[in-house]
Amino acid sequence: MSIIKRAVVSVSNKEGLAELAPFLKSCNVEIISTGGTRKYLDELKVNPKDISEYTGFPEIMDGRVKTLHPKVHGGILNIRDKAEHQDAMKALGIEHIDMIVVNLYPFKEVVAKGCTFEEAIENIDIGGPSMIRAAAKNYRYVTVVVDPGDYPRVMDDMRAHHGETSEELRFFLARKVFFLTSDYDRAIYEYLSKAYPSGK
């Protein structure tokens, strides 16, 4: 089991978040968020902590760099029962991140509607895939949720296990991450191949 104490929530698709976020707050989960998601959660009276407040570093370069930070990735990737990892956490002031709720920039949807090449490039997500892949790699300790359709199952699991999630669920969710990221990267590859078919 893995109890959820801290979660990063950053989504382009807000579906189901009005149920999940208040539920997490009712379980005393500290929620860390970014940009538009943080504003949406403020409207729900969830009052998340801004990612910049957590990292101590501002979002920069028009939001291109916000979650790419050691306090985020160290919080996700540390092995909880490895003394050296926990010593590094303590020395560097890094806190555990137990849940990642992220869906990626809607690259396929933006391209399908028609957009400029520059708009397509800006809709290539970097921080999101990095976080969800890190969380999926460390599924023994971290719950990663990329599909709003899984929110009810996550909430049910946490209710059944007093705020924790089962390893069975975490493994199921982790597998979905790698399907998502492989599909996402293929869509980008196919778009770029058509944009510059000669490879130039």
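Quick note: the coordinates plus some simple rules give every number you see, no bench work behind them. This structure is a prediction, so every number in the text was calculated from the model and none was measured. Neighbour counts are summed over all protein chains in view; Cβ atoms, including those assigned to glycine, are modelled from backbone coordinates with ideal geometry.
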Kirkwood-based Rg/Rh on the Cα set of segment 22-140 evaluates to 1.01
Highest mean packing first, using Cβ neighbours within 10 angstrom, the peptides 146-158, 75-87 sort as 146-158, 75-87
Over the chain, the sum of -39500 (n - 2.57) across DSSP H runs of at least four, divided by residue number and rounded to 500 deg cm²/dmol, gives at 222 nm -15500 deg cm²/dmol
For the chain, longest principal axis from Cα atoms; helix 83-92 axis from its Cα atoms; angle between them, nearest 10 degrees, is 80
Bridge orientation stat for the chain from DSSP, antiparallel percent rounded to 5, came to 20
Mean separation of Cα contacts under 8 Å (at least 6 apart) over the residue count of the chain, i.e. the relative contact order in percent, is 24
Counted neighbours (other Cβ, 10 Å), sorted fewest up, put 26, 130, 2 in the order 26, 130, 2
Between the Cα axis of helix 167-195 and the main Cα principal axis of the chain, the angle (0 to 90°, nearest 10) is 20
With Cα coordinates, the longest principal axis of the chain makes an angle with the long axis of helix 127-137, in degrees rounded to 10, of 50
